[in-house]
Amino acid sequence: MHDRPSAAQLVAAVRDFIERVAQPELRGHSAFHARVAANALAIVERELALAAGQDAAERERLRGLLGGDGPLEAQNRALCRELRAGRIGLGTPGLLEHLRATTLAKLAVDQPGYSGYRRALERDRDR
């Protein structure tokens, strides 16, 4: 168990400093790099907040598709082998849903402001 501040809190504090204090003072190439750094830290924050739940959901979907269990990376490699071999395809129950859910989970961390991601979430809510 770790004490406070947590990793998420530390990352948030550094991102906040870059965005509110450092970046407004910078110009040109340095300002660009500060924006990139703040964006990278925002991605880390979202990953810290979401990864455990996303990984558990992905493992469960893969367990349903592959019938086995194991580390997430190994399960994904197994899925790739099954796809390449033609033993699993878009007609396989649950595959399309798995691919869509996995893609949306990745976008939630990497690009939650992406318009296509937001439209997909709206579509899901409207169903």
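The values are calculated or read from the model by the stated rules, or taken from the named source; none is laboratory data. Note that the coordinates shown come from a computational prediction; the quantities given were computed from them, not determined experimentally. Here the Cβ is made from the backbone with ideal geometry for all residues, glycine too, and neighbour counts use every protein chain on show. For accessibility, only protein heavy atoms count, side chains too; no ligands or nucleic acids. Shrake-Rupley method; radii C 1.70, N 1.55, O 1.52, S 1.80 Å.
Per residue, the chain exposes 70 Å² of solvent-accessible protein surface, assessed with a 1.4 angstrom probe and all protein chains in place.
What number in nm² do you get for the chain if you take the convex hull of its Cα atoms and divide its surface by four?
If you wrap the Cα atoms of the chain in a convex hull and average its projections, you get 11.4 nm².
What is the percent carbon and sulfur in the accessible area of the chain, measuring with a 1.4 Å probe over the protein chains and ignoring ligands? With neighbouring chains kept in place, the figure for the chain is 57 percent.
Grab the other residues whose beta carbon is less than 14 angstrom from that of A22, score K and R as +1, D and E as -1, and report the net. Result for the local shell: +1. Relative to the dominant Cα principal axis of the chain, helix 95-110 is inclined by about 10°.
Axis angle, to the nearest 10 degrees, between helix 115-126 and the longest C-alpha principal axis of the chain: 60 degrees.
Do the sum for the chain: with -39,500 (n - 2.57) for every DSSP H run of n ≥ 4, divided by all residues, what is the mean residue ellipticity at 222 nm, to the nearest 500 deg cm²/dmol? For the chain, the value works out to -24500 deg cm²/dmol. Taking the 0 to 90 degree range and rounding to the nearest ten, how far is the long axis of helix 72-85 tilted relative to the main principal axis of the chain, both from C-alpha atoms? Around 50 degrees separate the two axes. Using C-alpha pairs under 8 Å with a sequence gap of at least 6, the mean separation divided by the residue count of the chain gives a relative contact order of 19 percent.
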